[in-house]
Amino acid sequence: MPSVALKLTQEQAQAQKPVLRVEDLHTYFEVRRMGFFKVGDVRALDGVSFELYPGETISIVGESGCGKSTLAKTILGIHQPTKGKIYFEDQDLSALNKEGWKQYRSNIGYIMQDPYGALPPFMSVKQILEEPMKINGIKDKKEHARRIRQVLEEVKLAPIEDFLPKFPHMLSGGQQQRLVIARAMILEPKMLIADEPVSMLDASVRIEILQLLQGLQRRHNLAIIYITHDLSTVRYFSERIFTMYGAKIIEKSSTKALLKEPLHPYTKALFEATSDPDAENLKTFKDVPVGEPPSLMNPPAGCRFHPRCKYMIKGLCDKEIPPEFQVYEDHSTACWLYKDKERA
Ligand SMILES: Nc1ncnc2c1ncn2[C@@H]1O[C@H](COP(=O)(O)OP(=O)(O)OP(=O)(O)O)[C@@H](O)[C@H]1O
Ligand SMILES: [Mg+2]
């Protein structure tokens, strides 16, 4: 596995080929009455595009139900996209056969949102780490032992021999999450999707786990998608931050630019106190604007945020869907307030 001593700068990362490219991705779930009559679709992902580069972390933030996990699961192939394309290192995923999918999946580590459902209760640590290798045709026992030793050392579950025979219930919450990360890394992936990896853990353990992920990224030039509600962690952890609202990405920015000046009224509300260098002063999702998140079955016309937006322009925001305006080189937003502020 390649390893780098230092983290790449954003410019260095983006000078490389993207590891992942998502184009106009849509994922709809059919809603049926009495399991029979189709009454509509939940548009859980509604036109999402971005590129992810080797060695960078993108944080994805947004309220509950805005489509973050659906994005993760669609990239992983757990959900079939309704429309749009996903490219992994220029390979169109829709063109892959069964073997190609297996190969692709081995390149992505996944830390799922539900920590309780993540680990099989009747398998030992050793079995849990061996299983992905067996599924992927790695038969050499010596190679199994080498990889297991390496990942357990990396996630700091030591002494290794003590942990190998243990079952998940014998581990603390933090140790279980370390094991989940070890399993995600066992196939030496190029990319990691971490869906709320620390939300269920105590504050003291959270920092340790995030530092652990950061260390893995540096050593392996991993590309990471970090999904979170926890705004206090994103500034330390990511090169770019995307805000999702109502199944769309409404703002994409370098972390530096976003903390200096959030553009979209929704992101502004989320990150209001960001000029304060103390992360503790960042606001949380409790401070989001009044009103309900939009229905994804019958989303409002125009900008999905307009019913909650104090800057709403009548006749425009409530009628036309805003396109993505590139306001700065490293900062874009889908908001009509910026239609005359695009860079030349
Ligand atoms: N398998 C499914 N079938 C039908 N609807 C679904 C399915 N998975 C998700 N949804 C719906 O899609 C929308 C987006 O859900 P998703 O889980 O992606 O949100 P999220 O941003 O991850 O939320 P949270 O922060 O609570 O984890 C929600 O309305 C949800 O009810
Ligand atoms: Mg989720």
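The values are calculated or read from the model by the stated rules, or taken from the named source; none is laboratory data. Everything quoted here is computed from the prediction, not taken from an experiment. Note: ideal-geometry Cβ built from the backbone for every residue, glycine included; neighbour counts use all protein chains shown.
Mind checking which residues of the stretch 195-215 are of a type outside the set (D, E, K, R), out of contact with any helix residue (DSSP H, G or I) (no Cβ under 8 Å at 6 or more places or on another chain) and in contact (Cβ under 8 Å) with a residue 12 or more places away in the chain? Passing the criteria: only SER199.
Every condition in (1) of a type in the set (Ser, Thr, Tyr); (2) within 16 Å of ligand 2 (Cβ to nearest atom); (3) more than 24 Å from TYR245 (Cβ to Cβ) holds for SER106 except the one numbered (2). So is LYS7 away from ligand 2 (no atom under 16 Å from the Cβ), charged (D, E, K, R), at pLDDT below 95 and within 22 Å of PRO197 (Cα to Cα) or not? For LYS7, the condition - away from ligand 2 (no atom under 16 Å from the Cβ), charged (D, E, K, R), at pLDDT below 95 and within 22 Å of PRO197 (Cα to Cα) - is met.
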